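The values are calculated or read from the model by the stated rules, or taken from the named source; none is laboratory data. What you see is a predicted model; the values in this text were computed from it and never measured. Using ideal geometry, Cβ is built from the backbone for each residue, glycine included, and neighbour counts are taken over all protein chains shown. Remember, those area values only see protein heavy atoms, side chains included, never the ligands or the DNA or RNA. Shrake-Rupley method; radii C 1.70, N 1.55, O 1.52, S 1.80 Å.
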Amino acid sequence: MNQLQDTAEKISSMEIRGAGRIAKAAAIALRDYAGSLEAGSIEEFSSLIENAAKLLVDTRPTAVSLPNAVRLTSRYTSADVEEARKEIINNAERFIKQADDALHKIGEIGARRIRDGDVIMTHCNSHAALSIITTAFDQGKDISVIATETRPRRQGLLTSKHLLDHGIPTTLIVDSAVRYFMKEVDTVIVGADAIAVNGALVNKIGTSQLALAANEARKNFLTAAETYKFSPNTILGEFIEIEERSINEVIDKNTLAGLPKLKVRNPAFDITPPEYIDLIITDVGVVPPGMAYTIIKEHLGWEIGEMV
Ligand code: RUB
């Protein structure tokens, strides 16, 4: 298996997961593929890059960071193979650096919204949300975190380990205990797989329940989203596809064999409407959901004509 297929396989199987990491892995895979592929003409080069881009984008449908990263990386203007190769390598390096810088900026900006003594609830495993939490803690704020387990893949354990390694007091709860604990929470912070043009948030299944419970209890609900997680295609009226994963993640084969008539569903993400989101913490500042259109237009750098 070559390195490109290896990355695609690791994204599909979730060995590489989380919208930011998926995007960076795709940029690295394209950089290395462009760097080593053999093409006799620019047409051949172009077709190989297009196939590679498609292979990567098709691995997981929901995280918009993936097609955005692939699109930003695989663009080139030169008609010369060696120059086009260089352009792709440079694009990838730029994207990777910007993604790392964005995480850092989100941490700095988001930490200002955290007060000393805050109890924060988070869901799944978001490096952008964790950047805010660890930055606030490093600033000396006395904070603690309630982390949801996040069935079925239990990414809450990754989050708990990350926070505990950082010295942050952390409590793990099952997903169905979110409303029970909301009264103890000051702020909910989650990551984003995609932000639509209307400011709706697509994130790990269960996020919208946190938002509902936070709204009912009048608690802040923040999402941390790098600008490359905003979806340009939603400007064209496209929907963001919600990935349905294997039911084997939910129920093991033996149990299922004993319940032959049981139907099992496993959507991996859900949609939180903009009215439940107080603020989006991005690398270019804190914005209300209503600003999503502006972020897409000003920071994603391609024209509508290019997409239609
Ligand atoms: C991960 C998930 C994360 C976002 C943001 O889902 O929903 O909240 O991807 O993560 P999965 P980050 O585990 O299915 O990939 O902030 O790290 O990009």
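Here are some notes:
- Breaking point among (1) among the hydrophobic types (A, V, I, L, M, F, W, C); (2) crowded, with 17+ Cβ neighbours inside 10 Å; (3) in contact (Cβ under 8 Å) with a residue 40 or more places away in the chain, for A25: (3)
- Some residue of region 259-276 being open to solvent by less than 40 Å² (accessible area, probe 1.4 Å), of a type in the set (F, W, Y) and outside any helix (DSSP H, G or I): yes
- Answer residue from region 247-256, given it is open to solvent by 60 Å² or more (accessible area, probe 1.4 Å) and assigned to a helix (DSSP H, G or I) and is nearest to the ligand (Cβ to nearest atom) among those: N248
- Single residue of region 141-164 satisfying the filter (open to solvent by 40 Å² or more (accessible area, probe 1.4 Å) and within 18 Å of the chain's Cα centre (by Cα)) that is nearest to A111 (Cα to Cα): H162
- Qualifying residues in region 35-66 (those that are among the polar types (S, T, N, Q) and open to solvent by less than 60 Å² (accessible area, probe 1.4 Å)) - the one nearest to A92 (Cα to Cα): S65
- Only one entry of G107, G20 meets the criterion of being of a type outside the set (D, E) and in contact with a His (Cβ under 6 Å, 6 or more places away or on another chain), and that entry is G20.
- Among the conditions (1) assigned by TED's automatic domain parsing to the domain that holds T234; (2) open to solvent by less than 20 Å² (accessible area, probe 1.4 Å); (3) over 24 Å from T234 (Cβ atoms), R113 misses just one, which is (2).
- Region 143-170, subset of a type in the set (A, V, I, L, M) and not in a helix (DSSP H, G or I), residue nearest to the ligand (Cβ to nearest atom): A147
- Going through (1) more than 11 Å from the ligand (Cβ to nearest atom); (2) within 21 Å of G156 (Cβ to Cβ) one by one, L259 falls short only on (2).
- Any hit, region 22-32, residues being farther than 30 Å from P267 by Cβ and modelled with pLDDT of 95 or more: yes
- Scanning region 215-246 for residues that are closer than 20 Å to M121 by Cβ and more than 16 Å from the ligand (Cβ to nearest atom) yields a count of 6.
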